[in-house]
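Okay, structure first, notes after.
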Amino acid sequence: MIALEAKGLKKCYTAAPAVSDISFRLQAGDVLGCLGPNGAGKSTIVRMLTGLSKPTRGQVLSFGTDVHKDLVGYRRRLGYVPEEPELYPFLSGWEYLEMVGTLRGMERSQMEKKIDAMLALFSLESHRYAAIGSYSKGMRQRVLLIAALLHDPEILILDEPLSGLDVVSATIVKSLIKTLGERGKAIFYCSHVLEVVEKVCSQVMILRKGSVVAHAATADLHAMAGHGSLEHAFVRLVADRDAEQAASEIVEVMAVA
Amino acid sequence: MELAKRSWRQFSSGPFARLVRHSIDRILAGGETAEPGELDLGIGTLLALLASPGVFVAVFLFDRYGSLLLFLRGKPAHFDPYRASIPDEYFFIVLAMVIAAFVAVWKWDRLIPDRRDYANLAHLPIGQTRFFAANLCALALLAGVFAVDVNAAPALVFPLVVCAQESFGVGVMFFWTHMAAVFLASAFGFLAVFAAIGALMAALPYRAFRASSAYIRCAIVFVLMTLLMTSFSVPQKLTPAGHLSKAWSALPPPAWFLGLCQMLRGEKDAAFESLSGAAVVGLAAAALISLATYSLCYGRFLRLGAQTPTSLPARRPARSSWAFRLLDGFLLRSPFQRACYRFALRTLFRGGEQAFALGAFLSLGAILAAQTVLSAPHKAAWEAAVSAPSADVLSVPLIFGYFATLGLWFALGIPAPLRANWVFRFHIDPRCGECPALARRIIFTFLGIALGTICLPLYEHYWGWRVAAIHTAVVALCCGLLAEGLLARFRKIPFTCAVPKFKSHGIVVALLLVLGYFGFTSVTATVESWALADPYWFIAFVPVVLGAAFAIYQAKKTQIEIERNILFEERSSSVVETLNLQG
């Protein structure tokens, strides 16, 4: 069964499309990595996939149904970690998670138990009653991850979930994504970090200026890159100019008196 | 000349001038949490709003001092413009002082550098003293601009209308003394708030200062409202000045500057002399305290506010969950209501701007209620048990209820950090239509607690159960109708919706609310006092209640389906619409 499908998605904010002709299918257990340079359209795709914005053309389907036909039902099955950890600074981590759990209609005692357990597993137990305003970026990111996982969703959309996390937490989250994939969750994973995508994703989609320039299984993409690394393949696909030449030009401008 | 121009150009494009401009920008609009759609006015709107009270009052002066009107009313043989204008002079001084202080309170958080400043500026090769000097220059410039803005219109009109019949010399003297008094009063208001901030910064630890900031602001607003209300009572004590019975220390600061103004006009009087002395001492003290404490604490706050604070382990707060569980059982029916109700209460008490706005409304209500009680002709009614309370006494909970309802309604519309509202956009069905029900529950909880714990026992104590029950029911009914009217087309989750800088119908709504105040408090209380004496008068409430209920019903009924969706961004309706007729 296809958990999440994008069919010819196009989004226009101005006359020029921000993204166009984006199509992919995500089955239970798939982890799709979405890669692209800044401005490639990753966040626009994420907004359409979460139903926060409507595509100008095309459809987002979940289990065969257009998500906008039953947005509430779709979001019940969805967990989402946004790119920026924007949280209400005057709430404590526990209060924020309680609010999200209640909005999701979770049963109270079960929700409280889950929140406490998750906070402990994500090393936030001692800070759970402190105001989020005093949290570091990594701590906020962990709160967002818990909020996305709290209701055991079937589909996960993660936009730069490792941003701000320390090495230990990042390693845990990488393993978590792999495990969730193995447990049958469909995961859409946006990132700039190639090596992470390489390790945790079963498929990779590379974007350039709003269009898909490569979409293949991670192993196939490796084969495509030949003897070079995935990074070289990625740069070859998306870069407008030679990296070494750009670097030497920057150094020259720096030296101008 | 060319050299001066070049020097100015060099200075204005240099790092210090750029820092001053940056400080002005951040004080006016760009605090750490400010973002488009939050309650941040542009400089033009802000200046217009601040100038408007003075302009309105200046226009009304023609009625009092217009030569034709004075002639028609029979001008006194010895019209002394200096003495006759004392109450108005006092009012302008109070207005100037209160507005300047209010701006300082409003921009409280922006006066101190925040984390973003540190992140952007601290690594640059600019010394801390330079930061401080730039911030100080920006504040002084802004204080000057606000003082000119608030006082310019009345400063021109007031001397013109008062001294229209006098010689040019008298007019000029009146003008400059008035200008001096209001400008110094503005400076005092601004600096006094600074001194208070500085003293608290010096006395409290960083976290405690930040945590108590909203409550301190509410307390200062309460003091400012009280000062504004003194415009009605203090001038009577000052005319004629020779009969001034109280020492200067017993009079509020605006009276000091009135004394200074009269002294500058050559009014030789012991009372004015002591008042003007107090003005000079007060102004100097405010300036010195603010300068000293600000220079002492600025570096500490820059450093502490700057470093990304590491969260310290916190203990579990005192459990209030039993109260929420009780409300979940009786009042809050859906997950939406349960989650948003908790969020609303936490924002109201911790959000800052929201608590500040509610505090301002409650302060105004408390002061008007207190004034009504004090000026009630049947003051004894509070002390001796009589059969029925007077209309003035009955109006007290109505006044408080009116401002509490309005304050809550207003505060619910002030957005908390908007970037965080994605959580509601993501989790909530925009067609759920539960926003009015939620806002109603929040308002009714506050009103219910106030009526049940203050109004009912107080009136029962003085006039027995019958009067207490009837009056509480009348206040609850009126407040309920007011809340229903205000929420008839409410479709926001509290604190999550962006607001436009200026709403075209805002002035009409404000006027309606001022007029509504008199109807809500005076008329209702008068009819109720008649009804308590003669129960047939209760019939008078029936058509009013039915009419109001019908109007609210109609407003809800005429709302089309799309207008019921939850709103996350409110836009002001444009005056001119461009139609796209090209298809």
Any idea which residue in the range B:305-329 is farthest from the other protein chains (Cβ to nearest Cβ), counting only those that are at pLDDT below 65 and in a helix (DSSP H, G or I)? B:306
Take the conditions over 23 Å from the mean Cα position of the chain (by Cα) and of a type in the set (A, V, I, L, M, F, W, C) and apply them to residue B:479. Does it pass? no
Looking at the range B:334-355, which of its residues are more than 8 Å from chain A (Cβ to nearest Cβ) and farther than 17 Å from residue A:89 by Cα? B:334, B:337, B:341
Residue within the range A:58-74 that is touching a residue at least 24 places away in the same chain (Cβ under 8 Å) and basic (Lys, Arg) present: no
The one condition in (1) within 12 Å of chain B (Cβ to nearest Cβ); (2) not small (Gly, Ala, Ser); (3) not in a helix (DSSP H, G or I) that residue A:140 fails to fulfil: (3)
For residue B:510, state whether it is exposed (fewer than 14 other Cβ atoms within 10 Å of the Cβ) and on the phi < 0 side of the Ramachandran plot. yes
State which residue pairs qualify: first residue outside any helix (DSSP H, G or I) and inside the range B:89-107, second residue of a type in the set (A, V, I, L, M) in any location, beta carbons under 8 Å apart, and separation of 6 or more residues or different chains. B:107/B:27; B:107/B:28
Can you confirm whether the range A:48-56 contains a residue that is of a type in the set (Val, Ile, Thr), touching a residue at least 40 places away in the same chain (Cβ under 8 Å), farther than 18 Å from residue A:193 by Cβ and surrounded by fewer than 18 Cβ atoms within 10 Å (Cβ to Cβ)? yes
So, in the range A:159-187, of the ones that are within 14 Å of chain B (Cβ to nearest Cβ) and under 23 Å from residue A:45 (Cα atoms), which residue ends up surrounded by the most Cβ atoms within 10 Å (Cβ to Cβ)? A:159
Number of positions in the range A:173-195 that are of a type in the set (Val, Ile, Thr) and in contact (Cβ under 8 Å) with a residue 40 or more places away in the chain: 2
Looking only at the range A:94-130, filter to residues that are in contact with a strand residue (DSSP E or B) (Cβ under 7 Å, 6 or more places away or on another chain) and crowded, with 19+ Cβ neighbours inside 10 Å; which one of those is farthest from residue A:175 (Cα to Cα)? A:130
Which count do you get for residues in the range B:400-439 that are assigned to a loop (DSSP other than H, G, I, E, B) and away from every other protein chain (no Cβ under 14 Å)? 1
Of the residues in the range A:90-111, how many are within 7 Å of chain B (Cβ to nearest Cβ) and in a loop (DSSP other than H, G, I, E, B)? 4
Unique match (being closer than 30 Å to residue B:257 by Cβ and either modelled with pLDDT under 85 or among the aliphatic types (A, V, I, L, M) (or both)) among B:332, B:288: B:288
Can you tell me which residue within the range A:73-88, out of those that are buried (at least 18 other Cβ atoms within 10 Å of the Cβ) and within 7 Å of chain B (Cβ to nearest Cβ), is farthest from the chain's Cα centre (by Cα)? A:88
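The values are calculated or read from the model by the stated rules, or taken from the named source; none is laboratory data. The model shown is predicted, which means the values in this text are computed figures rather than measured ones. As a convention, Cβ positions derive from the backbone with ideal geometry for all residues, glycine included, and neighbour counts pool all protein chains shown.
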